[in-house]
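Structure first, commentary second.
Read-outs throughout are calculated quantities, based only on the coordinates presented, and are distinct from any laboratory measurement. Keep in mind it's a predicted model, so treat the numbers as computed, not measured. Methodologically, a virtual Cβ is constructed for each residue, glycine included, from the backbone with ideal geometry; neighbour enumeration extends over all protein chains shown.
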Amino acid sequence: MIGYRSIAIAVLVTLASASPAPADKFDGHWSMIAETTRGHCGIISVGLGIQHGRIYSTGGSFAFHPIKLSGRVAASGKTRMTAITGPRIARGAGRFGRLSGGGTWSGTGPSGLCSGVWSATRS
């Protein structure tokens, strides 16, 4: 038979596992700039949001197509993301901090391969 103490422990364990994940500290709206260092993709402004460690786009376009972002942010701030705009795909990696982040990216542009760096600030 399960005693009241066992039930109380089970409830506490359940509540503790339902608490917000550490990656939630990055949740919110961010402004990102992707700067091309190799190729001809230029400087691209992207709005992004993070919710429960998941990245999504909030605005921006490239080559007349909206930018669709997806990715994840770990509790450490380490991130990997993918941007799709029309037929083009870019992948990025880096790290978010409490107020800013940065990393590298690579993908295809209107005239071939591009790569560069990205930086983000919390809006």
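Is it the case, given these coordinates, that Thr108 is hydroxyl-bearing (Ser, Thr, Tyr), surrounded by 14 or more Cβ atoms within 10 Å (Cβ to Cβ) and within 19 Å of Phe26 (Cβ to Cβ)?
Answer is no for this residue.
Mind listing just one residue for me: the one in the range 56-93 that is β-branched (Val, Ile, Thr) and assigned to a strand (DSSP E or B) and, of those, surrounded by the fewest Cβ atoms within 10 Å (Cβ to Cβ)?
Ile89
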